[in-house]
Structure formats: structure tokens, C-alpha cells
Amino acid sequence: MSAESEGRTEQPTGQKLQRARREGQVAKSQDLSAATLSLVGTLTIWLLGGWCVENFAACLYRFIFEELSAEALPHDKEVIPYLLMALQYTFFILVPILALMVVAALAIDIYQVGLKVSFDPLKLKFSKLNPVSGMKNLFSKQKVVMLGQNLLKLVFAAAVTLPVLWAAYMESASLAFLVPSASASYCADSAITVALRVSCALLVLSLFDWWYQRYKFNEQMKMTKEEVKDEARSQEGDPQVKQKRRQKQMEMARNRMMKEIPDADVVVRNPTHYAVALKYSPEMAAPAVVAKGKNKIAEKILELAKEARVPMWQDPWLARELYKLEIGEAIPPELFQAVVNILSHVMKKEKMAEFMKNKNAA
């Protein structure tokens, strides 16, 4: 069944992809790895074949004519050291080819899935031993695709190798008139040509397989809308809980702000839609906003200011400009003169009220 038919219409999240990667589930084409190794091995033999043959012949000559034929082997002399020596010569010759193959294998794997080691695929999972699931997989869509790929490989391999094999067949009769070294060279060249053509054909087909593996992996990783929501909740928290927490934080910040209103020097309003409480002391570089609000919060600020006998000043434009500032932020230079004028007027009014009060008391 396709991902859409199962309701999985959303692209996989990064969290799900990382979890799948930790479990060893990645988009990887085995055909691409095999074709690359085949091509690298063939090219290595083509480039280093002459060197390998020369060294092998030299080692074989030394082994036979210098080590074994120096004198007749006694019956009690062990053959194992000579076998180990032959293996040592063979390993020395094959080291360059093996090294290049290992480097190529690592490079193609890193290119496909990156540098990531996971041992989860090696764990025993009894679900994979279910015979019913195994029978279903034998007739699955993936098996049909694999069968088509294998048939296409055979067709491609036959198409690119038949011309070379036919040419070799036509020339086979003339090989009898050549010296053995020339015949061997011709056969080796024909074999290398066939291997190169097959490797290149498989590499081209493996590119399509790589695309298909990435497409299939993405289809397998697709998620339903509910799964995406669950991922978001698990990663970022429940939206309802986050909203309640945010509301609680805003309420606590509002309560702290309201406690600063009785100590404010003046409240600038517009006339009830905006209200900003300002405070100034000699140690401050400039007056600062200690409380602000609009609509209902502005009404609450005006109510508390009235109870605390904080002077109020009505200036619609200034109130809106001051409302743009953050709590605790100092007045900017462009508003400094207007605020200083208001504070000066309020302080003069307070001093005048205090003077009249003392005069009446006297």
C-alpha cells in the first residue's frame, strides 16, 4: 500500500529521520555500492595488472628456483614455512588492489548515508522471523521491482558484452598462430574490456536504483498529520500546556508591574486606551517606564494610580509613543524633552499643593 492510501501524507520530521538513522534505517542502494566496487576493482586491475603479473612472476621464480631448488628437500623438512612464504608474496601483490577496494567501499557508503555507525540492525528481532510476514514479502511490490531490476541488469550486461565476445570468438582461430604471451595478452584485454563495460552498465542502472531507494525510504518515513502533531508535542511540549504557562508568566509579570505604579512619578494616558507610568530618580540617567497597558490594563493602571494619588497627564500622542517602549526601558532622546516638561510641571504642581497645605495648617 502507498503512503497516501494509509493516510501518511506529511513529509517526515527531522526527529523521525534521526531516530530512523540511529536504528540503521537509511536510504542506501546496494547496487550502487556493488557497481562502484566492480568498476574500481576493474580499473585497478587494468592499471596495475602489468605490475602485479611482473611481481607475481618474480616471486614465483624466486620461490621455485631459489628456495625450493637450492637443494633437494629433506623428508623431515616442514612445508608450512614455504606455504607461508607463498602467502606472503601473494598478499604483497594484492595489497594495492585490496586497499583501493576498501577505500572505495568506505567512500561510497559515506557518500550515501554519511559517517554513521549503528549496531541496531545486528540485534535479533523476532518479528523478522515471522513466516507469515516472510511469505508476504515474497510477493510484495518491492520483490517485483527487484526482479525487474535484475532482468534489466541481464539485458544491459548482454547488450554491452556480446559485441566484445563475438569479436573475441571471431579472432579465436587466429590465436593459435600467436606466441603464448600474445594470446594471453589478447585474452586479458578482452576480459578487461568486458568487465569495464559490465561495470559501467551496472553503475548506470544503480543510479536509478539509488533514486528508487531514496524515494521508497521517503515513502516509508512519511507521517500522518496526527503523528506530526505528536512529534511537535513531544519535542516542544503540549501547546495547551505552553499557552497556560505563557499566560501564567504574563500574569506574574503584570502583577509585578502593578506593584510599581504607586511609586511612579506620573502616568501619561490617552485618555483611557493607553496608560504608561514613568519614574525618575537622581541616580537614573533618564526617566524609565515602570508600567504600561492599553484598554482594560490601562483602566487598571489608572485606577491604581488614582488610589495612590499618582499625578496623571493626558497626551494621546506621547502615550502611544511611550507604549512602544519595554518595561524598564529609559526614555529615548526624541521623547526626553516632552517627558521632562511633564515631570517639571507635575513637580511644580506638587510643590505648590504642599505649600498651600502647609500654609493652611499654619
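Every read-out reported here was derived from the displayed coordinates using simple, explicitly stated rules and does not represent laboratory data. This is a predicted model, so every value here is computed, not measured. A quick note on method: Cβ atoms are made from the backbone with ideal geometry, for glycine too, and the neighbour counts reach across all protein chains shown.
What residues qualify as long-range amide H neighbours of Ala291, i.e. H under 5 Å apart, gap of 5 or more or another chain, H built at 1.01 Å from N?
For Ala291, whose amide H was placed from the backbone, the distant partners under 5 Å are Ala277.
What translational diffusion coefficient, in µm²/s and rounded to a whole number, does the Stokes-Einstein relation yield for the range 258-361 at 10 °C and a viscosity of 1.306 mPa s, taking the hydrodynamic radius as the Kirkwood radius over Cα pairs? Could the numbers behind the result be given before it?
Working: Rh = 13.8 Å.
This corresponds to a translational diffusion coefficient of 115 µm²/s.
What nm distance separates the two modelled labels at Thr272 and Leu165, each placed 7 Å from Cα along Cα→Cβ?
9.7 nm
Multiply the residue separation of Met146 and Gln247 by 0.36 nm, subtract the distance between their alpha-carbon atoms, and state the gained length in nm to one decimal. List each step's numbers first, then the result.
Details: separation 101, 0.36 × 101 = 36.36 nm, distance 5.65 nm.
Full extension from Met146 to Gln247 adds 30.7 nm.
Measure up Lys259/Lys306; Lys244/Lys279; Lys16/Lys216 against 24 Å on the Cα-Cα distance and list the ones that go over. Write down the numbers at each step before the final one.
On the way: Lys259/Lys306 14 Å; Lys244/Lys279 32 Å; Lys16/Lys216 16 Å.
Long pairs (Cα-Cα over 24 Å): Lys244/Lys279.
Please arrange Leu17, Leu202 by how many other C-beta atoms lie within 10 Å of their C-beta, fewest to most.
Numbers: Leu17 16, Leu202 21.
Least crowded to most crowded, the residues run Leu17, Leu202.
Quick one: if you stick a label point 7 Å off each Cα along the C-beta vector at Lys348 and Glu260, how many nm between them?
2.8 nm
Please compute the volume of the convex hull spanned by the alpha-carbon atoms of the range 223-317 and report it per residue in Å³. Mind showing how you got there, number by number?
Values: hull volume 15.0 nm³, N = 95.
Each residue corresponds to 158 Å³ of Cα convex hull volume.
Would you mind calculating the gained length between Met312 and Val95 on full extension (0.36 nm times residue separation, minus the Cα-Cα distance), in nm to one decimal?
Working: separation 217, 0.36 × 217 = 78.12 nm, distance 9.10 nm.
Fully extending the segment from Met312 to Val95 adds 69.0 nm.
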